[in-house]
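J.: So that we are looking at the same thing, I have put the structure below in structure tokens.
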Amino acid sequence: MNRSSIQRIFLEAKASLELARTDAPIFLDVLNFMKTQNFSAENISEIHGRVPAHKELLRSAISKVPDNPFLNLKSALLAGYEHLHWRVDDSGFYAKGADVGHGYRSGNMHALLIGPEDCPFQADDFLLGFFLLAPNTLYRDHNHLAPEIYIPLTGPSGWRFEQGAWEDHFPGEMIYNAPGVVHATRVYETPFFALFAWSQDVESACNVVFADDWESIETELLR
Ligand SMILES: [Fe+2]
């Protein structure tokens with residue numbers, strides 16, 4: 001484990017969060033929580049860096065993070081991403097067995113910076129990490145009790161809420177998913193790579209909310 005690499009990634013992730021800050025109350029929760037932590041290198045828990053899959057995709061996604069305004073975070077990640085413990089969600093850590101689509105199941109990966117176990121900083125009911133989704137993927141409509149924010153570091157990516165109209169979001173444009181709000185993401189040709197946080201209820205289940213256009217969207221994305 002390389003504590004200084006992990007600490008550098010962590011501090012740059014925190015700086016990027018502060019950069020993307022909006023008036024959404026969840027930002028206060030996230031930033032206030034983070035103020036309570038001691039993020040010194042010696043406080044980092046022992047973890048084993050691991051990239052179990054999608055290594056080329058991950059490198060490619062990080063290399064597509066724009067220098068402005070994320071140069072420091074991008075550099076820290078390029079230098080140290082292998083020291084983080086990356087996981088593929090095939091058993092339902094987030095989706096809890098819900099079918100959020102084949103594209104998601106075959107093309108996702110995440111690494112936690114703060115969370116309940118096997119990550120640099122421990123917290124029982126809070127998550128902060130990075131999330132990767134392969135190009136041309138639909139992450140189907142779903143909701144959960146956990147309040148969630150994404151800071152996309154690549155893009156654009158498409159989002160819809162409560163199965164309304166799709167809207168593109170660009171790097172640095174925060175997405176807030178309030179508890180229970182149905183959301184879906186479509187990833188175009190650029191892999192989706194983002195910082196994300198869940199400010200509470202991290203054990204809450206993911207509920208998939210059926211929409212009759214999934215198949216046509218998936219076909220269109222793969223065209
Ligand atoms: Fe979500």
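Each value in this text was obtained by applying a stated rule to the coordinates, not by laboratory testing. None of these values were measured; they are calculated from a predicted model. Neighbour counts run over all protein chains shown; Cβ positions are idealised from the backbone, glycine included.
J.: Relative to the longest principal Cα axis of the chain, at what angle does helix 25-35 sit, 0 to 90 degrees, rounded to 10?
T.: The helix 25-35 is inclined about 20 degrees to the chain.
J.: Would you calculate the convex hull of the Cα atoms in the chain and tell me its volume per residue in Å³?
T.: It is 108 Å³ per residue.
J.: Sticking with this one: Would you work out if the stretch 95-223 is rounded, prolate or oblate? Take a ≥ b ≥ c from the square roots of the eigenvalues of the alpha-carbon gyration tensor; rounded if a/c is under 1.5, else prolate when a/b is larger than b/c, oblate otherwise.
T.: Because a/c hits 1.5 or more and a/b exceeds b/c, the stretch 95-223 counts as prolate.
J.: By how many nm would the segment from residue 211 to residue 163 lengthen if fully extended, with 0.36 nm per residue of separation less the alpha-carbon distance?
T.: Here the answer is 16.5 nm.
J.: Then there's this: Relative to the longest principal axis of the C-alpha atoms of the chain, give the angle of the C-alpha long axis of helix 67-80, reported between 0 and 90° and rounded to the nearest 10°.
T.: Between the helix axis and the principal axis of the chain, the angle is about 70 degrees.
J.: Determine the distance separating the Cα centre of the stretch 157-191 from the Cα centre of the stretch 108-138; give it in Å without decimals.
T.: 18
J.: Continuing with this model, one more query. If you line up the long axis of helix 3-20 against the longest principal axis of the chain, both from Cα atoms, how many degrees apart are they, to the nearest 10?
T.: Taking Cα atoms only, the helix is inclined about 50 degrees.
J.: Let me ask something else. Assuming R0 = 25 Å, what is the FRET efficiency of residue 32 and residue 78, from their Cβ-Cβ distance, to the nearest 0.05?
T.: The pair residue 32/residue 78 has a calculated efficiency of 0.25.
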